[in-house]
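Peer 1: Structure below; questions to follow.
The values are calculated or read from the model by the stated rules, or taken from the named source; none is laboratory data. As the structure is a computational prediction, the values presented were derived from the model and not from experiment. Please note: Cβ atoms are built from the backbone with ideal geometry, for glycine as well, and neighbour counts cover all protein chains shown.
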Amino acid sequence: MHLSCLYSFVIFCLFVSCVGKQYDTKNITDTDTVHTCINITVRPPTADSLVIIPSGDTSTIGMVYISGGSFMMGGDNDQAYADELPKHVVQIKSFWMDVNEVTNAQYQKFVEATGYISTAEKKPDWEELKKQVEPGTLKPPDSVLVAASLVFKQTSGPVTLTDVSQWWVWEPGADWKHPQGKASNIKGKENYPVVHISWFDAMAYCKWAGKRLPTEAEWEFAARGGLINNNYPWGNEHVNEGKAKTNSWEGNFPYNNEKKDGFITAAPAKRYAPNGYGLYDMAGNVWEWCADFYDAAYYETLKNTTTLNPQGPAKSNDPAEPYTTKRVLRGGSFLCNDSYCSGYRVARRMKSSPDTGLENTGFRCVKDIDNAAAK
């Protein structure tokens, strides 16, 4: 499924339909589900708005040592999208990775220490926004260009899955402190993953913590947990079989969640069993930013090669939205379902503009061995 960009989504909420198209799942441009229509919250790049120095907890406490090695990167089953193919050999150096997604408590310490203001807390900048849309696009009303973010709203019944406006709401006041909007808060959810985080927000936190975002290759290597060519971090047992293995959408999306995993939206960190490397929530819960630019055809450039620690393409390339720069996300979220988004597969790629955050988007950090302090 391909969905139009979030700009169109916001305009839809006012006076234009957010166009959705259904594509063959092997189409090279069909690599997006949750995030293709979620690419508008264009503000000044907040990662550069402050002088941030590594002053947080820069140790490896709360991290897992990932011993390097080689693996086959890419799609493992018939659900694989074109941008997950071909499978290719990648060799990864050892590194440290956060045992779980960055939590509200951790992010709050960062904000209190630096005074950082997240992307969702800033008013969108039309001069930046119009660079990402077709020339001649009309400016939306000022009532839309407000500090806001997208919040999930469960529908009352079946809806077409090509129209994300049925379950996403552009909510003024929604941000990391107010996940469902300004009337909500994170009291009692200190151990939940922080959400409504843009790539710029994640980069700023990583810099403060003396860490960085994982490359896409590092993320997939770690998610596989030492298993070879399996579909999920736990193996090949289907996500809905047996005991709950992750936080995903069980039932009919987006109106009937059977809640077998115990949650409709985000779950607290470490709720489900870790993978073979001791990492939690490498599938489901919230999407996680990676460092790389997204290129729909990037894997084609790596076929029949062994690549050492790939850093991703030199620039973004998304044929579905050529005006918009994209970064990679991985891991899926609480909204993922095979009928809509199989993001919990270890090979599943996602992309979004770096100034975008949603109720189901967070991150985790990694640290190079050379710079890592002792445990």
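Peer 1: Which count do you get for residues in the stretch 257-296 that are surrounded by fewer than 19 Cβ atoms within 10 Å (Cβ to Cβ), among the charged types (D, E, K, R) and on the phi > 0 side of the Ramachandran plot?
Peer 2: 2
Peer 1: List the residue pairs whose Cβ atoms are under 7 Å apart, where the first residue sits in the stretch 86-110 and is more than 18 Å from CYS290 (Cβ to Cβ) and at pLDDT 95 or above, the second is of a type in the set (Asp, Glu) and surrounded by fewer than 16 Cβ atoms within 10 Å (Cβ to Cβ), and the two are 6 or more positions apart or on different chains.
Peer 2: Final answer for the pair search is THR103/GLU190; ASN104/GLU190; ALA105/GLU190.
Peer 1: Which ones in the stretch 315-351 are closer than 30 Å to SER59 by Cα and of a type in the set (S, T, N, Q)?
Peer 2: Of everything in the stretch 315-351, just one residue is closer than 30 Å to SER59 by Cα and of a type in the set (S, T, N, Q), namely SER333.
Peer 1: Looking at VAL346, VAL366 in this structure, which one is at pLDDT 95 or above, of a type in the set (A, V, I, L, M) and surrounded by 24 or more Cβ atoms within 10 Å (Cβ to Cβ)?
Peer 2: VAL346
Peer 1: Further, regarding this structure: Check whether at least one residue in the stretch 137-151 is under 20 Å from the mean Cα position of the chain (by Cα), among the aliphatic types (A, V, I, L, M) and surrounded by fewer than 18 Cβ atoms within 10 Å (Cβ to Cβ), and report yes or no.
Peer 2: no
Peer 1: Can you tell me which residue within the stretch 156-202, out of those that are assigned to a loop (DSSP other than H, G, I, E, B) and acidic (Asp, Glu), is nearest to TYR340 (Cα to Cα)?
Peer 2: ASP163
Peer 1: Could you run through the stretch 203-248 and say how many residues are assigned to a helix (DSSP H, G or I), among the basic types (Lys, Arg) and closer than 26 Å to ASN337 by Cβ?
Peer 2: 1
Peer 1: May I ask you to verify whether TYR299 is closer than 15 Å to VAL346 by Cβ and either under 19 Å from the mean Cα position of the chain (by Cα) or surrounded by 19 or more Cβ atoms within 10 Å (Cβ to Cβ) (or both)?
Peer 2: Against the criterion (closer than 15 Å to VAL346 by Cβ and either under 19 Å from the mean Cα position of the chain (by Cα) or surrounded by 19 or more Cβ atoms within 10 Å (Cβ to Cβ) (or both)), TYR299 qualifies.
Peer 1: Give all pairs with beta carbons closer than 7 Å in which a residue from the stretch 205-228 that is under 12 Å from CYS365 (Cα atoms) meets a residue that is in a helix (DSSP H, G or I) and among the polar types (S, T, N, Q); count only pairs at least 6 apart in sequence or on separate chains.
Peer 2: What qualifies is TRP208/THR114.
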